[in-house]
1. Of all residues in the range 407-416 being open to solvent by less than 10 Å² (accessible area, probe 1.4 Å) and of a type outside the set (A, V, I, L, M), which is farthest from Tyr285 (Cα to Cα)?
2. Would you confirm whether any residue within the range 231-244 is within 17 Å of the chain's Cα centre (by Cα), buried (at least 21 other Cβ atoms within 10 Å of the Cβ), under 18 Å from Tyr401 (Cα atoms) and β-branched (Val, Ile, Thr)?
3. Output the number of residues of the range 133-164 satisfying the condition of being among the aliphatic types (A, V, I, L, M), over 21 Å from Asn196 (Cα atoms) and surrounded by fewer than 19 Cβ atoms within 10 Å (Cβ to Cβ).
4. Which one of Ser700, Ser741 is among the hydroxyl-bearing types (Ser, Thr, Tyr) and closer than 28 Å to Ser439 by Cβ?
5. Taking into account only those residues within the range 127-160 that are of a type in the set (Val, Ile, Thr) and outside any strand (DSSP E or B), which is farthest from His178 (Cα to Cα)?
6. Among the residues of the range 389-404, count how many are in a loop (DSSP other than H, G, I, E, B), under 23 Å from the mean Cα position of the chain (by Cα) and touching a residue at least 12 places away in the same chain (Cβ under 8 Å).
7. Any chance the range 669-679 includes a residue that's on the phi < 0 side of the Ramachandran plot, touching a Pro at 6+ places or on another chain (Cβ under 6 Å) and either loosely packed, with under 13 Cβ neighbours inside 10 Å or not assigned by the TED database to the domain that holds Arg478 (or both)?
8. Do we find that Arg170 is open to solvent by less than 30 Å² (accessible area, probe 1.4 Å) and of a type in the set (D, E, K, R) in this structure?
Amino acid sequence: MAGPGGSGGPIGAGALAGSARSKVAPSVDFDHSCSDSVEYLTLNFGPFETVHRWRRLPPCDEFVGARRSKHTVVAYKDAIYVFGGDNGKTMLNDLLRFDVKDCSWCRAFTTGTPPAPRYHHSAVVSGSSMFVFGGYTGDIYSNSNLKNKNDLFEYKFATGQWTEWKIEGRLPVARSAHGATVYSDKLWIFAGYDGNARLNDMWTIGLQDRELTCWEEVAQSGEIPPSCCNFPVAVCRDKMFVFSGQSGAKITNNLFQFEFKDKTWTRIPTEHLLRGSPPPPQRRYGHTMVAFDRHLYVFGGAADNTLPNELHCYDVDFQTWEVVQPSSDSEVGGAEVPERAAASEEAPALASEERGGFKKSRDVFGLDFGTTTAKQPAPPASELPSGRLFHAAAVISDAMYIFGGTVDNNIRSGEMYRFQFSCYPKCTLHEDYGRLWESRQFCDVEFVLGEKEECVQGHVAIVTARSRWLRRKIVQARERLAQKPEEEAAPAPREVPGGAVGGARPPLLRVAIREAEARPFEVLMQFLYTDKIKYPRKGHVEDVLLIMDVYKLALSFQLCRLEQLCRQYIEASVDLQNVLVVCESAARLQLGQLKVREHCLNFVVKESHFNQVIMMKEFERLSSPLIVEIVRRKQQPPPRAPSEQPVDIGTSLIQDMKAYLEGAGAEFCDITLLLDGHPRPAHKAILAARSSYFEAMFRSFMPEDGQVNISIGEMVPSRQAFESMLRYIYYGEVNMPPEDSLYLFAAPYYYGFYNNRLQAYCKQNLEMNVTVQNVLQILEAADKTQALDMKRHCLHIIVHQFTKVSKLPTLRSLSQQLLLDIIDSLASHISDKQCAELGADI
C-alpha cells in the first residue's frame, strides 16, 4: 500500500546532511508542491541545547553596569538591551548591551540626551528603534523630586541616537509600573500607577511618523481587568494578555486577553481546569511574562510573601497551565554525568564558532555520541535562577533571557539566565477525535435515548474506550443481536455517514438508554471524544440546567472526570439570579447531599446574599421542604466538613486510548492491518480520525476482506516501528527508539497526519540520541531505508568506538553485507599502527 502522493522512494536517499546550525525542536514543514519533498531527511549532528534547560550566563560586571531591578529589557537582533532601573541607592539611565553569541557585556553606544534616570518605565522595540515611555523619576536617596512621567523617547539601534518625541494634544496621565507592547506599528500602554491610584485605562500611539502621530485613548469593552500595576503584558495569536499584578484587595491570578480588532477584554475561564490538574500560578506582582509560539511563560514575582522560581506555561490554544520541569542538566553537581561516546581524536577538526556562549562545532565527525560514564569537571552547583521580582525578560530566537531583579534580602542582581524553549507542533489528538465526532463519519452505533427515543450516533471504539458503563450496554446489545434469528437480526438499513462507496453499508448497532435525553447526552459524547466540554454561556439559567443534566449522567455513567468538570462549571456559574433555580433542579435530579447542592445552599445562606435571596419572588415559589432546609441552615449551619480527600479525576483520553491499544479494545477491532504478512487488529474509526489516508480509504474503497497492507512508500517498516506509529495514532505518543524514527520520518506525509509533530520528534530523536548502545540497530534501519548519510554516520561511530561496539551482542546478528561494510570502513579509517593496537585490545 503506497501512501498518498505516489509510491514515493526510500527515506533519506543520500540526504543526511551535517550542518551545525543549532536548533532545539526542529520544525519540519511539508512542501506539498513537490512529491519528493519528504524523501530527504536533513539532520544536524551538532551540539544541541537541551530542551527546557536553564543556563547561567556571565553576569554584568560592576564596571560595565550596576546590579539592578525595576529596569527594562528588550531584544534586538542578537543582543539584549537593558535600560534604567535602580541599584538600591539611585535611579539609573544607562543602556547596557549583552551579545548572546559571545556572551559579552558592554555599554551601548549612545548620543543625544537620554531619558532621565527612572524605574518602573516600559520599553518596546518597533522596527529598528527602542521606545521608552513613562516611569518614576527623582532622587530616591534623598526622597526628593519624585514623580511619574508620561514622556516618550526613541533610541535608534543603528546610530545610538536618543530622541524625545514631543507630542501635541491630549496625553496619557503620567504613570509607572504599567504594561506596554507593540502591535500593528503602534505602542499600546495599559494601567499602571499615577502616584495616587492604580489605573486601568489604555492608550495607543502610532510609531511610524512622530510629526503626524498623536495619543489616542482606547474605548475598552468587555471584562476589563481591575486597576492594577506591576504586571506584565505579552502578545500572542494577535491578542494581548495580562496576568495578575498589584490590584489592592482585588488582586487575583486571573488571565485576561485583549482583542485588538474590537478593543474587547475577556477573562480566560478556569472552570475547565480539573482539580488535581495544574492550576494557574499563584497571584503575584513584579513577575515577567513572555510569548513564544503558542505559549505564555510566567516567571518569578512576589506571590503571597514568597519568591517562587517555578516557570509556568500557558497554552493559548488549549487554555491550560502547566509548570515547566527544568531539564536534569539545569541543576547539576560534581557527580558523574553521562558522556557522549567520543569520536577519535584523530578525526579532522574543522572550524568552530561560539553560539550563545557554547561552542558549536561545524565538524560532523568530531562530535561526541554515546552514553559512557566519565568524571566531568564540576559545573556550578545550580543553573536554576533563584526566585526574584522586578526582573526583566526578553526572547531571542528560541530562548528566553532573564536579567537582574530583586532577590532575597532586597539584594539587586546582575545575573543573566537563558532558558531553552521547546517548539514542537502541538498534539492534535483531541482535535482529531473531536472532528470525528462532529462529522459523524463511520458511525457504527446508535443510541436510542429517553421516552422520545431520540437517536444519537457514535463510534463503538471511542465510546467503549472511555466509558465502562456504556461499554457494558454495547456488549449487551451485541449479545442480544447475536441471539436473534438471522432474518430478525437484520433491521432495515439506516444511512451511515461515511460508509464505503460501492459496498453494503453495515447496519448500526442500536443501544437503548432510557435514563438519558438527547441534548445532555450529546454533551457527554463530546467529552468522550475530546476530554472537554464546550461550556455554554456562564450564568445563563438554561445553560446551567443543561450542565446539571450532564452532571447527573456523569454520576450515573461513573465518569469522574466529566463529573468534576460539570461541578466546577456549575459552582462558577451560580449567582443571585440563578441560585434558586439551580437548588430546585438539584432536588429534582435527586442529587441529594452532593457537593453541587451543598454549594448552592451555602451560597444562599451567606450573609451578603441571604436577605436578597429571600426577597425574590422565586423564593416564594420554592417547595416547602427546600424553604425549611434553607431557614434551618441559616439558623444552624452544619458542622464544617473535614478537609476534602484527594479528588479522583478519573482517566484522561490519552490514558484510555493507551489502554485500548494495549488490549482493552481487542474485542472491538474491526480492521486488520497486515505488516509483511503479520496481522495487527485495529479500529477503523480511530485510524480514520487521525489519518486522512485511512479516512479516504474507508470512505471510498474499503477492502472487502477488511485487511490493509501497511508500507511507507515502497518501504515496509519494522514491527517495532509500526507499533510506535500505532501508539502515535491512538494516543499521541512520540517517544520511540531512534531506529524507529528512521522508518517513521515520512509517515506523517504518507498517511496524512494533520500536522508534522511526529516528524519533528523523529528528526530530533535521530539528531540527539545516536549512542554506542543503539548504533547497530540504527545502522540496520538506515540500510533498510537507504538513508545513506545516516548509515555513513553510524559507520563512523562504529569505527571510532569499535572496542566498545565489538562487545555488543547485536554485532553478531548483523547481515553479512553490513559486516562487510563495517570491515571496509575500518580499513579506510584506521592506520596500520591503529590496526595493530586494535588487534591487541581484542
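1. Gly414
2. no
3. 1
4. Ser700
5. In this case the residue turns out to be Thr159.
6. 1
7. Yes, the range 669-679 has at least one match.
8. no
The values are calculated or read from the model by the stated rules, or taken from the named source; none is laboratory data. The model shown is predicted, which means the values in this text are computed figures rather than measured ones. So basically every Cβ, Gly included, is an ideal-geometry build from the backbone, and we count neighbours across all protein chains shown. Keep in mind that these areas ignore ligands, DNA and RNA; they rest on the heavy atoms of the full protein, side chains included. Shrake-Rupley method; radii C 1.70, N 1.55, O 1.52, S 1.80 Å.
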